[in-house]
Amino acid sequence: MWDFATDPEFQRKLDWMAAFVTEECEPLDLLFPHGGDPYDVHNKASRAVLKPLQEKVREQGLWACHLSPELGGQGYGQLKLALMNEILGRSYWAPTVFGTAAPDTGNAEILAMYGTEEQKRRYLQPLLDGDIVSCFSMTEPQGGADPKEFTCRATRDGDGWVIEGEKWFSSNARYAAFLIVLAVTDPDAAPHQRMSMFIIPSETPGIEIVRNVATVNERDELDEGIHAYLRYHQVRVPADAMLGGPGEGFKVAQSRLGGGRVHHAMRVVGKCQRAFDMMCERALSRRTQGRVLAEHQFVQGFIADSAIQLQQFRLLVLQTAWIIDTQPHGAARTHIAMCKVALAQVLHDVVQRALHLHGSIGITHELPLAEWWAAAPQLALADGPTEVHKATVAKGMLRKYEPTSGLFPTEHVPARRAAARKRYASILEEFGE
């Protein structure tokens with residue numbers, strides 16, 4: 001049966017999370033507001049505030065819940081994780097406080113599945129403990145997010161590999177203890193068998209940060225960018241640096257993305273809900289043309305459109321999580337793509353309305369709305385451009401259909417009417433129709 005209820009025991013955990021994120025995590029957003037602050041493990045002030053909060057999360061059994069129990073998590077399914085991430089989305093720092101910050105979550109899963117015992121000891125456990133951060137280095141300056149266009153190469157040399165090439169928008173490289181890099185190892189193979197995945201310690205000779213690229217909410221002149229333009233100059237790694245087998249890089253990469261996209265989508269729900277809360281508060285608090293804003297139909301339209309759009313998106317994401325939990329592997333692929341397509345538009349629309357309703361203060365840094373709104377274009381590109389996922393949705397839908405066998409469409413009215421008359425010919429004849 002369909003059931004939209006949440007288990008009471010788990011709801012109590014969600015209630016604790018909601019209060020904790022509001023009271024403890026959101027203040028961190030104000031104390032340490034720069035994009036790289038949650039990932040800078042050398043900032044003593046932020047760590048002094050962070051560590052006690054992380055310990056409280058552990059005491060509640062809510063630390064890194066996406067992980068299996070053997071890795072220190074709860075082994076929660078995607079539906080429970082989606083409900084949790086809806087709450088975490090209200091605060092930029094919350095994922096770090098709860099041990100679920102990207103790209104560390106996906107990198108931890110890769111190491112858990114493909115890393116050697118030494119790599120797990122050296123990197124996985126400190127990553128799970130929140131003592132280090134990591135980088136996922138995949139996209140390239142010319143090829144973007146299309147693996148078929150990648151040129152960064154890894155060449156076999158004796159008992160190791162040599163990596164040469166450039167990577168673009170590698171998150172948190174400046175703070176990372178290690179990088180997970182996707183490189184071409186067999187350019188003549190089929191497109192999705194050309195690449196392999198490697199783990200590289202950040203101190204390895206030959207890794208150059210050409211520059212840290214500032215996005216729209218970061219200031220280039222203050223070097224606030226956290227997405228690196230990287231160049232690999234003859235970077236040598238041992239044979240066991242390969243994660244997975246030769247040519248399995250795409251497979252390894254995909255193993256970390258599906259669930260992460262659902263988590264990301266639910267964090268957008270949480271952020272939009274916070275913007276919606278601000279919108280409704282504003283509507284009841286300010287007056288114009290002799291009435292409170294909430295009495296104006298334009299404002300009522302903003303609120304209704306936002307509530308409907310947000311609820312539609314929330315249900316789509318929760319259904320996607322449910323499919324992942326209950327259906328065979330790969331069954332949720334189209335739904336995951338739907339979530340990815342919708343999230344940037346929902347964030348843009350809901351935050352835009354909230355920002356507009358706040359007037360001039362909405363576009364200042366005295367409220368978080370302008371920063372959230374400016375992030376929408378970035379979300380439309382993260383984890384692959386929206387258009388790529390639209391194509392995935394369309395192909396998934398089209399697989400359910402077949403072309404018509406005749407000259408006219410299946411719903412052709414004259415043909416269907418003739419078939420209906422033939423089926424009931426005796427009755428029609430009896431009553432003179």
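Among Gly290, Gly406, Gly73, the largest mean-square fluctuation in a Gaussian network model of the chain (Cα springs under 10 Å) belongs to Gly406.
Give the longest segment of the chain that steers clear of trypsin sites (Lys or Arg not before Pro) in DSSP loops with at most 13 neighbouring Cβ atoms within 10 Å, not counting the sites themselves.
Values: sites that count: Arg219, Arg399, Lys400.
Between the exposed loop sites, the longest stretch runs 1-218.
Based on the Cβ-Cβ distance from Asp240 to Arg291, what FRET efficiency comes out when R0 is 56 Å, to the nearest 0.05? That pair, Asp240 with Arg291, gives E of 0.20.
With bins 10 Å wide beginning at 0, the percent of Cα pairs of the chain falling in each bin runs 4, 18, 27, 24, 13, 7, 4, 2, 1, 0.
The slack in the chain from Thr326 to Glu387, taken as 0.36 nm per residue of separation less the alpha-carbon distance, amounts to 19.2 nm.
Enter the accessible area per residue of the stretch 298-387 (Å², integer; probe 1.4 Å; all protein chains in place).
Values: 4490 Å² over 90 residues.
Spelled out: the 1.4 Å probe surface of the stretch 298-387, per residue, equals 50 Å².
Taking K and R as +1 and D and E as -1, what net charge do the other residues with C-beta under 12 Å from the C-beta of Gln273 add up to? Around Gln273, the surrounding residues sum to +3.
For the stretch 228-343, the direction-averaged projected area of the alpha-carbon convex hull comes to 11.8 nm². Taking other residues whose beta carbon is less than 14 angstrom from the beta carbon of Glu23, and scoring Lys, Arg as +1 and Asp, Glu as -1, yields -2.
Note on His42 and Glu402: with the Förster distance fixed at 45 Å, the Cβ-Cβ geometry gives a FRET efficiency of about 0.15.
If you take the alpha carbon radius of gyration of the stretch 280-390 and divide it by 2.2 N^0.38 Å, what ratio comes out, to two decimals?
On the way: Rg = 17.1 Å, N = 111, 2.2 N^0.38 = 13.2 Å.
With N residues counted in the stretch 280-390, Rg over 2.2 N^0.38 Å equals 1.30.
Cα extents for the stretch 30-75 along the principal axes, largest to smallest and rounded to whole angstrom: 32, 18, 18. Per-residue Karplus couplings for the stretch 12-26, computed as 6.51 cos²θ - 1.76 cosθ + 1.60 with θ equal to phi - 60°, are listed in order as 5, 5, 5, 5, 5, 4, 4, 5, 5, 5, 5, 7, 10, 8, 4 Hz, Gly and Pro entered as x. Distance from the Cα centroid of the stretch 320-364 to that of the stretch 382-408 is 20 Å (rounded to whole angstrom).
I'd like the carbon and sulfur percentage of the solvent accessible area for the chain, probe radius 1.4 Å, heavy atoms only, ligands and nucleic acids excluded.
Working: 12410 of 22720 Å².
Answer for the chain: carbon and sulfur cover 55 percent of the accessible area.
Using a 10 angstrom Cβ neighbour count of at most 13 plus a DSSP loop assignment to flag exposed chymotrypsin sites (Phe, Trp or Tyr not before Pro), which longest range of the chain is free of such sites? It runs 5-400. The alpha carbons of the stretch 76-136 stretch over 36, 23, 18 Å along the principal axes, in descending order.
Placing a pseudo-label 7 Å from each Cα along the Cα-to-Cβ vector at Arg416 and Asp220 gives an inter-label distance of 5.7 nm. Overall, the ratio between the Cα radius of gyration of the stretch 143-260 and 2.2 N^0.38 Å, rounded to two decimals, is 1.08. Excluding ligands, DNA and RNA, the accessible surface per residue across the stretch 6-95 is 47 Å² with a 1.4 Å probe. Calculated mean residue ellipticity, 222 nm, the chain: -14000 deg cm²/dmol, from DSSP H runs (n ≥ 4) at -39500 (n - 2.57) each, averaged per residue and rounded to 500.
Share of pairwise Cα-Cα distances greater than 15 Å in the stretch 210-264 is 70 percent (whole percent).
Can you put Met138, Met17 in order of accessible area, largest first, using a 1.4 Å probe? Write out the running numbers ahead of the final one.
On the way: Met138 40, Met17 0 Å².
If we order Met138, Met17 from most to least accessible, we get Met138, Met17.
Here the stretch 243-292 was treated as a single set of alpha-carbon atoms; its pair distances binned every 10 Å from 0 give 21, 23, 19, 15, 11, 8, 4, 0 percent. In whole Å, what is the distance between the alpha-carbon centres of the stretch 172-211 and the stretch 1-59? The stretch 172-211 and the stretch 1-59 have Cα centres separated by 31 Å.
Could you sort out which of Lys13/Lys44; Lys271/Lys400; Lys51/Lys80 sit more than 32 Å apart by Cα distance in this structure? Over 32 Å apart, Cα to Cα: Lys271/Lys400. Three principal axis extents describe the C-alpha atoms of the stretch 1-137; from largest down they are 45, 37, 27 Å.
The values are calculated or read from the model by the stated rules, or taken from the named source; none is laboratory data. What you see is a predicted model; the values in this text were computed from it and never measured. All Cβ positions, even for glycine, are placed from backbone atoms using ideal geometry, and neighbour counts span all protein chains on display. For the accessible areas, the whole protein counts, side chains as well, though only heavy atoms, and no ligand, DNA or RNA atoms are used. Shrake-Rupley method; radii C 1.70, N 1.55, O 1.52, S 1.80 Å.
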